[in-house]
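Shown next, in structure tokens, is the structure this report addresses.
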Amino acid sequence: MPKRKRQSKKHLRGQARQADATPWLQAQRLRPKDLVEAYSTRYGINKNLAYEELMEIGYYDEILIQAYEKEGVKWEYMVEPLSGEMYVVPEGTEEHDLYRYHTTF
């Protein structure tokens, strides 16, 4: 029986790309140093689309941490007092400044 040709990752679209990316990212023991770059290279898309899709999958914090580390900014998790959610912010951020960094409240 002939082997089936493997489909190129660059031809996946939208939800199929995200469905393929989830197990790929979970299977990696060490994350790439630039997650957005690795995602955009793997699927042949631009970095803005890669950023949006990674956020939709649930990698917002990792993308933000990598961006802070690339800029040399020390970061920490801060608890939002109303909801109890934890958010990544630059180190030393005051509680009232939390809303400036995360506008999803």
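For q values of 0.20, 0.25 Å⁻¹, compute log₁₀ I(q)/I(0) with the Debye formula on a Cα-only model of the chain, without solvent. Log-scaled intensity ratios, in q order: -1.07, -1.34. For region 9-61, the spherically averaged projection of the C-alpha convex hull amounts to 3.3 nm².
Every read-out reported here was derived from the displayed coordinates using simple, explicitly stated rules and does not represent laboratory data. Here the structure is a predicted model, which is why all the values come from computation and not from measurement.
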